[in-house]
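Trainee: One structure follows; several queries about it will come next.
The values are calculated or read from the model by the stated rules, or taken from the named source; none is laboratory data. Note that the coordinates shown come from a computational prediction; the quantities given were computed from them, not determined experimentally. Backbone-built Cβ (ideal geometry, glycine too); neighbour counts: all protein chains shown.
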């Protein structure tokens, strides 16, 4: 492992080398403080009742805690970030498996967990060929692993549930880890986090303020068309502005490309939330867990993140070339 690789993995002293990282952390802390003050003002002005106030405080504390955990992991170094992504993948799969009943399929669950560990190893080793090969290989193994049990009834359902689980929680979230192989991983990950979380907040606030027709009432009764479009209109320029500072002087730093990146993040964030809402409605549950007070499970909180990482990764690669190409490849396996 070269000194540069060691610094990328464990060099927390370099956390604020990129000015954007400092400003992003300040903005997140400022947003948390402002949200807390607004909640207190609404209570003092008697705009919300006691029950709504306590619910808002619980949600605010959970949001602050999760944001702090994610931001600190990113600042400490790539090693902590990859470990956090792996734990998030396993936790989301656990909630999904319990919600859909897939936990009863021990062999498929074992393959999915193994796939998540192998994706993590491929990221740590910076072994890109293994990382991309794990998608078809793991899907094939999920399709084959239950054949010896000789249970053709329900085969399509359990294999489909398993494949969907790995693609969403193993492979897709794994791209967050893959991004850490690039020297700009801190600002890129913070941009994704702020864009996704900001889109959720903007869409919710605009939807509540304007109201109007529902977007997909059977899938997500609380979402309105105005909220969806409003989230897109506000998030796209916000992401474009952040990307401008991150990629200044590169092929990405052009207005149409920056705006397209913002639209991509906002659109896929909303689509990811609708995908998970469809799954919950299909199995007849309101939430996937109770691990986060005021939010439900981890999957309920991070559903809008599920589809974003691979799209952002490949979008940036198209204009910048392979992310992480300047870093040492196959750190442990050699190549």
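Trainee: Does the range 31-48 include one or more residues that are in contact with a helix residue (DSSP H, G or I) (Cβ under 6 Å, 6 or more places away or on another chain) and loosely packed, with under 14 Cβ neighbours inside 10 Å?
Mentor: No, that holds for no residue.
Trainee: May I pose another question? Suppose we filter the range 164-203 for residues that are more than 14 Å from residue 123 (Cβ to Cβ) and assigned to a helix (DSSP H, G or I); how many remain?
Mentor: The total comes to 23.
Trainee: Could we say that residue 131 is under 23 Å from residue 6 (Cα atoms), at pLDDT 95 or above and surrounded by fewer than 19 Cβ atoms within 10 Å (Cβ to Cβ) here?
Mentor: no
Trainee: Another question, then. Look through the range 217-232, keep the residues that are touching a strand residue (DSSP E or B) at 6+ places or on another chain (Cβ under 8 Å) and not in a strand (DSSP E or B), and return whichever of them is surrounded by the most Cβ atoms within 10 Å (Cβ to Cβ).
Mentor: Result: 227.
Trainee: Still on this model: Among the candidates 328, 250, 333, 288, single out the residue that is within 30 Å of residue 101 (Cβ to Cβ) and in a loop (DSSP other than H, G, I, E, B).
Mentor: 288
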